[in-house]
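Peer 1: Below you will find the structure I want to go over with you.
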Amino acid sequence: MDMTQPLSQTWNLDVFFPGGSNSPALAELLAELEPAIQAFRGQVAAVPVTAGTAEAEAWHAMLATGQDLVKRLRQAGAFVSCLTAQNVHDQQARLLEGQIRQLSSDYTRALTLLDERVLLIPDDAWEALLAHELLQPVSFPLQERRQRAREKLPPVQEALVTMLSVDGYHGWSELYNTVVGRMTIPFTEDGETVRLSVGQAANKLEDADRSVRSRALTAWEAAWAAEADLCAGILNHLSGYRLNLYRARGWESVLEEPLHHGRMSAQTLDAMWHVVCRSKARVVAFLQRKARLLGVPALSWHDTSAPAAQSGTRISYADAADFIVEQFRQFSPQMADFARMSFTDRWIEAENRPGKRPGGFCTSFPLSHQSRIFMTFDGLPGNVTTLAHELGHAYHQHVMNDLPHMVQFYPMNLAETASTFAEAIVANAALKQSTNRAERLALLEEKAQRCVSFLMNIHARFLFETSFYAERRRGPLSVEQLNHLMVEAQKSAFANTLDTYHPHFWASKLHFYITGVPFYNFPYTFGYLFSSGVYARALAEGPGFAQKYVDLLRDTGRMAVEDLAARHLGVDLTRPDFWQEAADVVLADIDEYLRLTE
């Protein structure tokens, strides 16, 4: 990237609130929010329930206040989430997290009052309000709120639910983060035992050396087994809360809320999983070939996302940045320039050090129109993919920053579309440029492993949660029962091709404990396959598709996924046709890999 100085692997957070968790600017913002939220409640209570120009102006003013509050809450929340991720021992940040959670609860209760107001408006007056030029740009989220309000408890009861969930429902999720934050995992290498953070230990599970992976999984399983009782208690309480709330709302299916979050229908989800299941034979063939190349009868869990070749190759952070920017440029100069700016302006925390939270994420700072990316970079090929993935999230937000904030809330399945599309750009461009057979084989293998992740690993998580919630209706589950359900789900999703599995995966996977997005699994597979379909369209249409892609992203917060696909791609997501075409795109890489390794 024509860098004159070494590329920093730590992010810049001081641009938002100087001073970290003791920032006076952050404290000032939080102090302002409580009275501002109370004033907003009064504004909501006074908003008219009739139609007309004056009424539309009052609604517009109220919504403008609400959107400003959300941006300030998200700015503070994003900052504190970055603090707790970069240093799991930052106790002050943990306290701030609780304070922001309380403020968010207060704001949500104000929105519950808004639900009460929208339900009072007659249908004809409501349609007239939404048609007014002031409200038309945010008509989709308003219509969605009215529909969801009809499906929930009476607003006063929903307000109580929101208030109690701070120290109940969300409190259990916070406890899980505390458990993970205090964990260290002993690992012996070159005769020396070190204590790794959870994030560092997770990287060892993808090491090119199979013996390292095997020892890492043993240490990993032992560490999570030691915390399993506590994790089981947390998971049982989270699920029990959900089931009781769903029962009170009259929701029969545990998928009702995640489908609402995804703005998608059960028919679309069923069509996707149907295609996934009937496409697994080709993925199984890849796993069997990989086992043969490794010289083992069958793969173990720790082999599924690791390379077959024990090259031990590492890529530097600077080279990874150059590679990503170069590949993005093949698709869109604007996307490449954005990625370059993200690296040079220190939007990314990638340093490999103890005390960091595991995993990766992208979070947005709406007041600043910036994002921040978190990960732990260890030079592995998968780390490059993760970087591209998170930059895809950041670019998605970037192209929406000028829209009303209410239509910037896109569902997770479409968020994962943008990120996996970015991964596809990097992987496919690299493959296209490759002339070396060994390099081409390595790239194909990495793409095939993504098939394994999205069509098998993610499916195992979905199967586990589905069976877990069915059992949880009868009462809490023990560690042994959870382990059994997890292994059975993995066996089913991986078509019984592995010789060892990961019983405590339910304890180690953060997504099972996130309260904001229940069933945080199928959005990944949706995004993977949907983005494959979008990418196929990009290849077919050439450079002109870059703007069409931006147009699609900008609509992700203001329509259901089925409508989005129909408008921008001309396809019906409730039928298997699109999903099969998308699956064939990614499975073609497996076919090529099998041909080259015959």
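The values are calculated or read from the model by the stated rules, or taken from the named source; none is laboratory data. If you're wondering where the values come from, they're calculated on a predicted model, not measured in any experiment. Backbone-built Cβ (ideal geometry, glycine too); neighbour counts: all protein chains shown. Please note that ligands, DNA and RNA were not included when accessible areas were found on the heavy atoms of the full protein model with its side chains. Shrake-Rupley method; radii C 1.70, N 1.55, O 1.52, S 1.80 Å.
Peer 1: Need pairs with beta-carbon distance below 7 Å; first residue charged (D, E, K, R) and within the range 573-598, second open to solvent by less than 30 Å² (accessible area, probe 1.4 Å); sequence gap 6+ or separate chains.
Peer 2: So the pair list comes out as Arg575/Ala271; Glu581/Gly533; Asp589/Leu444; Asp589/Lys447; Asp589/Ala448; Glu592/Leu444.
Peer 1: Still on this model: Answer yes if at least one residue in the range 370-379 is part of a loop (DSSP other than H, G, I, E, B), within 20 Å of Ile458 (Cβ to Cβ) and in contact with a strand residue (DSSP E or B) (Cβ under 8 Å, 6 or more places away or on another chain), and no otherwise.
Peer 2: yes
Peer 1: Now, a different point. Would you say Asp572 is modelled with pLDDT of 95 or more, part of a loop (DSSP other than H, G, I, E, B) and either open to solvent by 10 Å² or more (accessible area, probe 1.4 Å) or aromatic (Phe, Trp, Tyr) (or both)?
Peer 2: Yes, satisfied.
Peer 1: Among the residues of the range 480-496 satisfying the criterion of being of a type in the set (S, T, N, Q) and open to solvent by 10 Å² or more (accessible area, probe 1.4 Å), which is farthest from Val284 (Cα to Cα)?
Peer 2: Within the range 480-496, the match that is farthest from Val284 (Cα to Cα) is Gln481.
Peer 1: Which ones in the range 413-448 are polar (S, T, N, Q), open to solvent by less than 20 Å² (accessible area, probe 1.4 Å) and in a helix (DSSP H, G or I)?
Peer 2: Asn413, Thr417, Ser419, Thr420
Peer 1: How many residues, within the range 246-256, are open to solvent by 50 Å² or more (accessible area, probe 1.4 Å) and among the β-branched types (Val, Ile, Thr)?
Peer 2: Summing the residues that are open to solvent by 50 Å² or more (accessible area, probe 1.4 Å) and among the β-branched types (Val, Ile, Thr) in the range 246-256 gives 0.
Peer 1: Which of the residues that make up the range 42-90 are open to solvent by 40 Å² or more (accessible area, probe 1.4 Å), in a helix (DSSP H, G or I) and within 18 Å of Ile100 (Cβ to Cβ)?
Peer 2: Across the range 42-90, the qualifying residues are Asp68, Lys71, Arg72, Arg74, Gln86.
Peer 1: Looking at Leu455, Leu485, Leu444, Leu477, which is the one that is of a type outside the set (Asp, Glu), over 17 Å from the mean Cα position of the chain (by Cα) and under 30 Å from Phe331 (Cβ atoms)?
Peer 2: After applying the criteria, what remains is Leu444.
Peer 1: A further question on this structure: Tally time: how many residues in the range 575-585 are within 18 Å of Glu416 (Cα to Cα) and open to solvent by 10 Å² or more (accessible area, probe 1.4 Å)?
Peer 2: Step one: of the range 575-585, the residues within 18 Å of Glu416 (Cα to Cα) are 578-579, 582-583, 585.
Filter once more, keeping what is open to solvent by 10 Å² or more (accessible area, probe 1.4 Å): 578, 585.
Of the residues in that region, 2 qualify.
Peer 1: Further question on the same structure: Scan the range 558-569 for residues that are open to solvent by less than 60 Å² (accessible area, probe 1.4 Å) and in contact (Cβ under 8 Å) with a residue 12 or more places away in the chain and jot them down.
Peer 2: Restricting attention to the range 558-569, the residues satisfying the condition of being open to solvent by less than 60 Å² (accessible area, probe 1.4 Å) are 559-562, 564-566, 568-569.
Residues satisfying the conditions are Met559, Ala560, Val561, Glu562, Leu564, Ala565, His568, Leu569.
Peer 1: Counting only residues that are of a type outside the set (Val, Ile, Thr), open to solvent by less than 70 Å² (accessible area, probe 1.4 Å) and touching a residue at least 60 places away in the same chain (Cβ under 8 Å), how many does the range 257-283 have?
Peer 2: Of the residues in that region, 13 qualify.
Peer 1: Still on this structure, please answer the following. Restricting attention to the range 381-404, which residues are open to solvent by less than 10 Å² (accessible area, probe 1.4 Å) and either among the hydrophobic types (A, V, I, L, M, F, W, C) or farther than 29 Å from Leu443 by Cα (or both)?
Peer 2: Passing the criteria: Leu387, Ala388, Leu391, Ala394, Met400.
Peer 1: So, Asp207, is that one assigned to a loop (DSSP other than H, G, I, E, B) and either touching a residue at least 24 places away in the same chain (Cβ under 8 Å) or not small (Gly, Ala, Ser) (or both) or not?
Peer 2: When the stated conditions are applied, Asp207 passes them.
Peer 1: Okay, next question. Given (1) open to solvent by less than 50 Å² (accessible area, probe 1.4 Å); (2) out of contact with any His (no Cβ under 6 Å at 6 or more places or on another chain), identify the lone condition not met by Asp123.
Peer 2: (1)
Peer 1: Next question. Go through the range 353-379 and give me each residue that's under 25 Å from Ser532 (Cα atoms) and surrounded by fewer than 19 Cβ atoms within 10 Å (Cβ to Cβ).
Peer 2: Gly359, Phe361
Peer 1: Of all residues in the range 10-40, which are more than 28 Å from the chain's Cα centre (by Cα), part of a loop (DSSP other than H, G, I, E, B) and touching a residue at least 60 places away in the same chain (Cβ under 8 Å)?
Peer 2: Those that are more than 28 Å from the chain's Cα centre (by Cα), part of a loop (DSSP other than H, G, I, E, B) and touching a residue at least 60 places away in the same chain (Cβ under 8 Å): none in the range 10-40.
Peer 1: Please list, ordered by first then second residue, the pairs with beta carbon atoms under 6 Å, 6 or more apart or interchain, first in the range 143-168 and touching a residue at least 60 places away in the same chain (Cβ under 8 Å) and surrounded by 13 or more Cβ atoms within 10 Å (Cβ to Cβ), second of a type in the set (Asp, Glu) and not in a loop (DSSP other than H, G, I, E, B).
Peer 2: Close Cβ pairs satisfying both conditions: Lys152/Glu158.
Peer 1: Can I ask one more? Just checking, how many residues over the range 190-208 are open to solvent by 60 Å² or more (accessible area, probe 1.4 Å) and either closer than 25 Å to Leu294 by Cα or modelled with pLDDT of 95 or more (or both)?
Peer 2: 2
Peer 1: Taking into account only those residues within the range 334-352 that are open to solvent by 10 Å² or more (accessible area, probe 1.4 Å) and without any contact (Cβ under 8 Å) to a residue 24 or more places away in the chain, which is nearest to Ala318 (Cα to Cα)?
Peer 2: Met341
Each row is one residue, and each column tells you yes or no for (1) over 25 Å from the mean Cα position of the chain (by Cα); (2) closer than 27 Å to Thr184 by Cβ; (3) polar (S, T, N, Q); (4) at pLDDT 90 or above.
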site: Val276; (1), (2), (3), (4): no, no, no, yes
site: Ala285; (1), (2), (3), (4): yes, no, no, yes
site: Arg314; (1), (2), (3), (4): yes, yes, no, no
site: Ile324; (1), (2), (3), (4): no, no, no, yes
site: Trp347; (1), (2), (3), (4): no, no, no, yes
site: Arg357; (1), (2), (3), (4): no, yes, no, no
site: Thr376; (1), (2), (3), (4): no, yes, yes, yes
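Peer 1: Only one of (1) open to solvent by 20 Å² or more (accessible area, probe 1.4 Å); (2) within 29 Å of Lys290 (Cβ to Cβ); (3) in contact with a Pro (Cβ under 8 Å, 6 or more places away or on another chain) is not met by Arg215, so which one is it?
Peer 2: For Arg215, the exception is condition (3).
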